[in-house]
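What follows is a short report on a single structure.
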Amino acid sequence: MADVDVAPALITRKEEAIGWLQKQVSKGLGWARKYSLFTYPYATACCGMEYMSVAASRYDIARFGAEFPRFSPRQADLLMVIGTVNMKQGPILKRVYEQMVEPKWVMAFGVCASSGGFYDNYAVLQGIDRIIPVDVYVPGCPPRPEQVLDALVLLQDKISRQLHRPLERAAVIAPGGRDLLEGMNK
């Protein structure tokens, strides 16, 4: 195939200004989401003790904006899978993940959540990434609290680099067929 020269697209000042404004809004939303992670700890095994130590005052996960654990998936945006996940727990974990609101992130905490650990048998799920997507892995059996904090910082960097858009409102139609947001959009 022959190389085709493509002329650069012309961008007007208005489009350039809107693009700049969208970048600034995305950067601001990324900063806000980076420092306001609401965790859902799905603790199943011995790594739960290490999670407790990360939340305690010596390591203080609150310094990184992930202070308050939420025990409802609808209020959380970071799912921390802590420990061994059995095959019977797989559908439960998947349902918890699906109930979380967007944007959502997942941390595999410990070698058992990451790869099944030394449990190489039919009853243990060999890594949670077989059923849900994982954003960051924390190795170790059990992982040191410093490793968990490093993984949290890596996740925060990933969150801040993502493209964030404000929510777009969908049209809400009243029973009479009239657009309820019609007056607000003008």
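Within segment 56-82, take every residue that is over 20 Å from D135 (Cβ atoms) and surrounded by 13 or more Cβ atoms within 10 Å (Cβ to Cβ) and give me the one that is nearest to the chain's Cα centre (by Cα). By that ranking, first place goes to D60. If the condition is being aliphatic (A, V, I, L, M), outside any helix (DSSP H, G or I) and out of contact with any strand residue (DSSP E or B) (no Cβ under 8 Å at 6 or more places or on another chain), then segment 15-56 contributes only A56.
For segment 119-146, a residue qualifies if it is open to solvent by less than 70 Å² (accessible area, probe 1.4 Å) and either farther than 15 Å from T44 by Cα or under 16 Å from the mean Cα position of the chain (by Cα) (or both), and the qualifying residues are I128, I131, I132, V134, D135, V136, V138, G140, P145. Take the conditions (1) touching a Cys at 6+ places or on another chain (Cβ under 9 Å); (2) part of a helix (DSSP H, G or I); P142 misses just one of them, which is (2).
Inspect segment 83-93 for any residue being open to solvent by 90 Å² or more (accessible area, probe 1.4 Å) and more than 26 Å from I131 (Cα to Cα) and give the result as yes or no. No. Against the condition open to solvent by 100 Å² or more (accessible area, probe 1.4 Å), aromatic (F, W, Y) and either at pLDDT 85 or above or in contact with a helix residue (DSSP H, G or I) (Cβ under 7 Å, 6 or more places away or on another chain) (or both), how does W20 come out, does it pass? When the stated conditions are applied, W20 does not pass them. Is there a residue being more than 13 Å from V138 (Cα to Cα), open to solvent by 20 Å² or more (accessible area, probe 1.4 Å) and in a strand (DSSP E or B) anywhere in segment 97-118? Scanning segment 97-118 turns up no residue that is more than 13 Å from V138 (Cα to Cα), open to solvent by 20 Å² or more (accessible area, probe 1.4 Å) and in a strand (DSSP E or B).
Entry remark, segment 57-84: residues being of a type in the set (S, T, Y) and modelled with pLDDT of 85 or more number 2 in total. Against the list (1) touching a helix residue (DSSP H, G or I) at 6+ places or on another chain (Cβ under 9 Å); (2) not in a loop (DSSP other than H, G, I, E, B), the condition Y59 fails is (2). The residues of segment 114-138 that are closer than 20 Å to Q156 by Cβ and either of a type in the set (D, E, K, R) or modelled with pLDDT under 90 (or both), listed by number, are S114, D135. The single condition from (1) farther than 20 Å from G140 by Cα; (2) in contact with a helix residue (DSSP H, G or I) (Cβ under 9 Å, 6 or more places away or on another chain); (3) open to solvent by 50 Å² or more (accessible area, probe 1.4 Å) that C46 fails is (1).
The values are calculated or read from the model by the stated rules, or taken from the named source; none is laboratory data. Worth saying up front: this structure is predicted, and the values here are computed from it rather than measured. Virtual Cβ from ideal backbone geometry, glycine too; neighbours counted across all protein chains shown. The accessibility values were calculated without ligands, DNA or RNA, using every heavy atom of the protein model including side chains. Shrake-Rupley method; radii C 1.70, N 1.55, O 1.52, S 1.80 Å.
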